[in-house]
Each structure stands twice: as C-alpha cells, then as structure tokens.
Amino acid sequence: MTYEETMEFLKTHASSSRRKSMIKQGAPETTLGVTLGPIRKLAKTIGMDHELSLQLWESDIVDAQLLAVMLMDPSQISVALALSMIDQATYEPLQDDLLFRTLVAIPDSEALKKELKEDARDAFGRAYWSMVVHEIGHDKTLKADRIAVILDTIEAGLVVASPQTQWMMNRALSEIGFRFADYTQRCITIGESLGVYRDMKVAPGCTSAYAPAWIEAVLSRKRK
C-alpha cells in the first residue's frame, strides 16, 4: 500500500469517541481516533515495510505512528533515529509500543539504553526503564549482581523520580518481585517502605500499581 492509501484507510476507520478518549489520555489534537483492531489488521495485511513506516511516523498523527511501529524493521533503526522517535512519542501507549515492540530489538540497543540513562528528561527516563523491564522479562541469564543493582537504584530513586520514570521504575520493581522468587520479599519490603502508589484508587476487579499489591496479585494468579 502507498502512504496515501494507508492514510485514507485510517481516516475511514476513525471514531470521534475514540479520538476524545485518546486525547484525554494525552494524544495530540491531530489524532484521528482509530481503534487498535483495524490498525492491527492493516499491519498484518501490509507486513514489514520500513520505508512506509518512516513515512507514517513523520505524519505526526498518533494513529499512523501506532501503525508505523508495527511495520518497522528494527535492524534498520539507528540510536540517533531511536532517540528522535522517543522524543516525538508523547502519547504513552505509543511510547510503550515503540519501545517494547521495536527499539528493544535494534542492533545497538545497549548503546541506546546508555544514552537514555544519561538523559534527564522524564520521557527518556521512562524509556530507559522500559528497556530495563524488557531485560527483566526476557534475559533468562539475568545475574544476581545485576538484579541487586536494579533494586538498589529503584530503592534510592523511586520516590523522587519524575512521574513517567517513576511509573516504569515501579513496574521494574514489581516485575522482579513476581518473576524472581528469591527477590520477592525484598521487592515487597521496598514497596512497603517507599509507599509509592499505596493510596492509588482502582476500579473493582483491577490491580493497583502499588508494588506489594501488584506482586501479590500476579503470584496469586500463578498459584491457581
């Protein structure tokens, strides 16, 4: 499909209610309001198309950028391009898709992680901790000394971290807690001591982001 055909498809699948919801979540006013169902279906039809993905990304329309992430070839993304895209991705669901689906798989992912770690901007801190979360969930050889460093960093910095960074640091804490039994109690203790998200209100049936509650909820499901 051409860029023009793809954009026409997105426009014809736009929903005003979806647009309002996305804007409320932080998407820009240029948002069309396309649900993920049609976007995923179109991505499956097109397959990987890196050239088209870059055109869609440059549109600055979130719906097109969500599709772009699904079409990208991580092997063709440099650290400089990755940093530029992170800077542009202000809508958090787009940030997550971009990081977890694509940027964790680029050839120089470790160099990207280093660049993000050294950048004080909140979105970049969130991106760095997204890569740490991916490391926790996918590195089957994660060693005790690396886990200790991650937990020490979280314990020292979670309370004072900027909002987006704090959210992903807390997720890293919780992920270690329910993935590594030897560290579950320490993660719970850190969460209880720091109290981040302790008073978070959640809808019935939903799980709080408060690390001790999150860890226990996941472990409880695993025991069933």
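Coordinate-derived values only; no laboratory data. Being a predicted model, the structure only gives us computed values, none of them experimental. For neighbour counting, all protein chains shown are included, and Cβ atoms are generated from backbone atoms with ideal geometry for every residue, glycine included.
Before moving on, here are some points about what is shown:
- Test: residue 177 is among the small types (Gly, Ala, Ser) and either assigned to a helix (DSSP H, G or I) or touching a His at 6+ places or on another chain (Cβ under 9 Å) (or both): yes
- Note on the range 1-28: among residues that are of a type outside the set (A, V, I, L, M, F, W, C) and not in a helix (DSSP H, G or I), the one that is farthest from the chain's Cα centre (by Cα) is 2.
- Residue ID - surrounded by the fewest Cβ atoms within 10 Å (Cβ to Cβ), chosen from residues in the range 11-33 that are within 23 Å of residue 123 (Cβ to Cβ) and aliphatic (A, V, I, L, M): 23
- Restricting the range 159-192 to residues that are within 30 Å of residue 90 (Cβ to Cβ) and polar (S, T, N, Q), the residue that is surrounded by the fewest Cβ atoms within 10 Å (Cβ to Cβ) is 162.
- Residues considered: 218, 196. Of these, the only one that is under 21 Å from the mean Cα position of the chain (by Cα) and surrounded by fewer than 19 Cβ atoms within 10 Å (Cβ to Cβ) is 218.
- Checking each residue in the range 36-77 for being closer than 19 Å to residue 95 by Cβ and part of a loop (DSSP other than H, G, I, E, B) picks out 59, 60, 61, 72, 77.
- Residue match in the range 183-194 (condition: in contact with a helix residue (DSSP H, G or I) (Cβ under 7 Å, 6 or more places away or on another chain), under 15 Å from residue 152 (Cα atoms), assigned to a helix (DSSP H, G or I) and aromatic (Phe, Trp, Tyr)): yes
- Among the residues listed as 215, 154, 190, the single one being hydrophobic (A, V, I, L, M, F, W, C) and either in contact with a His (Cβ under 9 Å, 6 or more places away or on another chain) or within 30 Å of residue 81 (Cα to Cα) (or both): 154
- Put simply, of 213, 203, 181, 172 the only residue that is of a type in the set (A, V, I, L, M) and touching a residue at least 40 places away in the same chain (Cβ under 8 Å) is 172.
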